[in-house]
1. How many residues does segment 70-89 hold that are exposed (fewer than 10 other Cβ atoms within 10 Å of the Cβ) and hydroxyl-bearing (Ser, Thr, Tyr)?
2. Inspect segment 5-27 for any residue being of a type in the set (A, V, I, L, M, F, W, C), at negative phi, within 18 Å of the chain's Cα centre (by Cα) and not in a loop (DSSP other than H, G, I, E, B) and give the result as yes or no.
3. If you scan segment 21-65, which residues turn out to be in contact with a helix residue (DSSP H, G or I) (Cβ under 9 Å, 6 or more places away or on another chain) and either under 19 Å from LEU7 (Cα atoms) or in contact (Cβ under 8 Å) with a residue 40 or more places away in the chain (or both)?
4. Can you find a residue in segment 46-69 that is touching a strand residue (DSSP E or B) at 6+ places or on another chain (Cβ under 6 Å) and exposed (fewer than 10 other Cβ atoms within 10 Å of the Cβ)?
5. Scan segment 70-79 and tell me whether some residue there is within 21 Å of the chain's Cα centre (by Cα), within 30 Å of SER8 (Cβ to Cβ) and outside any strand (DSSP E or B).
Amino acid sequence: MPARDTLSLKTVGTNGQIALGKKYAGRHVLVEEQGEGVWLIRTARVIPDSEAWLHEGKAAADLQAALDHAARTRPAPEDSEAILNKAAE
């Protein structure tokens with residue numbers, strides 16, 4: 001289990017926001033009310049519905065295989081020029 005940060009006191013502002021610092025600015029969070037006055041706040045990643053298929057089954061496996069192949073296989077410098085010329089056509 002990762003080490004926990006120290007406990008800190010925060011105040012919910014009049015607009016309903018809690019300032020957690022720049023580290024979490026712009027991040028999505030899940031707020032789970034576990035009981036009266038007890039909240040569990042966790043960071044979350046949101047995947048648009050139209051992109052969810054990329055994270056499921058065969059598509060996810062194929063995508064990971066392609067990324068692994070790309071990491072292992074670097075094009076030769078002359079290949080880069082040919083690819084750019086073909087893309088310009």
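1. Taking segment 70-89 and keeping what is exposed (fewer than 10 other Cβ atoms within 10 Å of the Cβ), we get 71-74, 76-78, 84-89.
Okay, now just the ones that are also hydroxyl-bearing (Ser, Thr, Tyr), so 73.
Residues that pass the stated criteria total 1.
2. No, segment 5-27 contains no residue that is of a type in the set (A, V, I, L, M, F, W, C), at negative phi, within 18 Å of the chain's Cα centre (by Cα) and not in a loop (DSSP other than H, G, I, E, B).
3. If we filter segment 21-65 for residues that are in contact with a helix residue (DSSP H, G or I) (Cβ under 9 Å, 6 or more places away or on another chain), which is where we start, we get 43, 47, 53-55, 59-60, 63.
Selection gives THR43 alone.
4. Step one: filter segment 46-69 for residues touching a strand residue (DSSP E or B) at 6+ places or on another chain (Cβ under 6 Å), giving 46.
Now restrict to residues that are exposed (fewer than 10 other Cβ atoms within 10 Å of the Cβ): 46.
Within segment 46-69, one or more residues are touching a strand residue (DSSP E or B) at 6+ places or on another chain (Cβ under 6 Å) and exposed (fewer than 10 other Cβ atoms within 10 Å of the Cβ).
5. Keep residues of segment 70-79 that are within 21 Å of the chain's Cα centre (by Cα), which gives 70-71.
Now narrow it down to the ones that are within 30 Å of SER8 (Cβ to Cβ): none.
No.
Read-outs throughout are calculated quantities, based only on the coordinates presented, and are distinct from any laboratory measurement. Computed from a prediction, not measured in an experiment: that's the story for all the values here. Cβ atoms come from the backbone with ideal geometry, glycine included; neighbour counts cover every protein chain shown.
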